[in-house]
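Taken together, the values in this text are just the output of simple stated rules run on the coordinates, not laboratory data. Quick caveat: nothing in here was measured; it's all calculated off a predicted structure. In this analysis, Cβ positions are derived from the backbone assuming ideal geometry, glycine residues included, and neighbour counts consider all displayed protein chains.
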Amino acid sequence: MFHSKKISQIILLYSTTFIGVVLGVVVSVLNTHSLSPADYGDVRYINNFIAFFSGILLFGYFVSGSRLLAVAKSPKECAELKGAVITILCITVFVLVILICICGLVHQFVLHKDYAYLFYWVLPVCSPAILLNYINTTSQGDNSISMIAAARVFPSLIYLLLAYFVYRKYGASVEKMLWLQNGISVVILIILIWKNSPSFSNLKKSLKILYKENKKYGLEVYYGSLANVSVQYVAGISLGLYASNNVNVGFYTLALTVTSPLAMLPNVIGTTYFKQFASQSTISRKIIVGTIGMSLLSLLGFILLIFPIVDILYDESYQSVAVYACFLAVGSMMQGLGDVFNRFLGAHGKGKPIRNVAWISGGIAIVGYILGVYVFGLYGAIATRIISSVSYFLAIFIYYRQFVRLS
């Protein structure tokens, strides 16, 4: 059943997530109007590497922290756990800087790409994906829905206001866009993390607790995320590596951006109920039916509206994005629905099923994004995204049913 407090949280998170998605689309409009398709593709290409490595470096500690926060017995315990996870976060950012620097060297001296210098350029502001992952993951555990909501709105909103005037007065470039967009996100997300009252007292003890939980639960989820979440960024990398420029990188990632609202509703419900799921043996039938029904209606509305929306918002060189988005919309919806059952199993510490599901969908994705993209280009990437997302939903639902029968 949807209870009053949960309804309020769902409305808050859904509305701010929706606003965030709309702002993300408006950001893409500003960026695509400010840069050529090739330059816009360069921006997305660099950020794909950042997102890819950000996922690889997590090692499960954020989801372990979220799980511990969900069952913590006092605010003091919560604050100390946050301090431990933030310590891991700082180490992760340091390693990320080294990896991005290595990427620059490889692109410069091995691949001989003209845009290799951009990897060095973005080093000071390469951490927004990791910071956002920290907020989205750990805030589920202590039910800090307002923090997630703020993280999904303010970075894009402030970027829009500043970038619009900067680009109008001084013109846009790949370098300015990377620094402005990533830099603003880094500053805002750090402020939000610090305002969430972490404590670094008893740090050694908290790190030991976190390590123990991660060994039991977080690592299993992490192994799965390597084969699922992180792999999804491979398409934005392989599309650039196999081509002479990054035009298709821009088209593909832009199509994913406009389809992201379809994963939003079920994801919001799963996030809001994460703490409550930990004490329940099943997901309410009304929640499941309501989520699926609203998702299908959203898909229908999206297909009806995407062509006029793209026609209005983007110039002629990006019109093909509407066709790509119609197909990718199915994958986004299925991914979002699967996330509801993923959150439920995660709340119960079922890391192995989550890992196994991720290996199934991730295995499909890695083959498709490497071989499929090599043979079929952009169409191979789109087909792979759909097939891997449908596989993810079916597999996670089967594991959920098994858990319910045994509980």
*Most mobile of V25, V63, V258 per a Gaussian network model of the chain (Cα springs, under 10 Å)?*
V25
*Work the Kirkwood hydrodynamic radius out for the chain: mean of 1/r over every pair of different alpha-carbon atoms, inverted, in Å.*
21.6 Å
*Hits among aspartates and glutamates - C-alpha to C-alpha of K352 under 12 Å, sequence gap 8 or more where chains match*: E220
*asked:* Give me the percent relative contact order of the chain, please, defined on Cα pairs under 8 angstrom at least 6 residues apart.
replied: 24 percent
*asked:* Shape verdict for the range 174-326, please, from the Cα gyration tensor: rounded (a/c under 1.5), prolate (a/b greater than b/c) or oblate.
replied: oblate
*Have a look at G331, P75, Y400 and report the one farthest towards the positive end of the charge dipole of the chain, computed about the Cα centre with Cβ charges (Lys/Arg +1, Asp/Glu -1).*
P75
_lysines with Cα under 21 Å of K82, excluding same-chain neighbours fewer than 8 positions away_ = K73, K195, K204, K205, K208, K212, K215, K216, K275
*asked:* Helix-only mean residue ellipticity at 222 nm, the chain, DSSP H runs n ≥ 4 weighted -39,500 (n - 2.57), per residue, nearest 500. What is it?
replied: -27000 deg cm²/dmol
*Could you work out how far the C-alpha centroid of the range 388-407 sits from that of the range 311-333, in angstrom?*
30 Å
*What is the fewest-to-most order of H107, H112 by other Cβ atoms lying within 10 Å of their Cβ?*
H112, H107
*Find, to one decimal place in angstroms, the Kirkwood hydrodynamic radius of the range 91-153, where the mean of 1/r is taken over every pair of different Cα atoms and then inverted.*
13.4 Å
*How would you rank F59, F341, going from fewest to most other Cβ atoms within 10 Å of each one's own Cβ?*
F59, F341
*Can you name the helices of the chain, as whole DSSP H runs, whose Cα span along the helix axis is 30 Å or more and whose Kyte-Doolittle mean is not below 1.0?*
4-34, 75-109, 145-170, 174-195, 285-313, 321-347, 378-406
*Find how much the distance from T282 to S146 grows on full extension, using 0.36 nm per residue of separation minus their present alpha carbon separation; answer in nm with one decimal.*
46.4 nm
*Taking square-rooted eigenvalues a ≥ b ≥ c of the alpha carbon gyration tensor, is the range 318-379 rounded, prolate or oblate, where a/c under 1.5 means rounded and, failing that, a/b exceeding b/c means prolate?*
oblate
*Rounded, prolate or oblate: which fits the range 1-94 when a ≥ b ≥ c are the square roots of the eigenvalues of the alpha-carbon gyration tensor, with rounded for a/c under 1.5 and prolate only if a/b beats b/c?*
oblate
*Charge dipole magnitude, Cβ of K and R +1, D and E -1 - the range 4-406, Cα centre, debye nearest 20*: 1800 debye
*Order of L371, L99 under a 10 Å beta carbon neighbour criterion, fewest first*: L371, L99
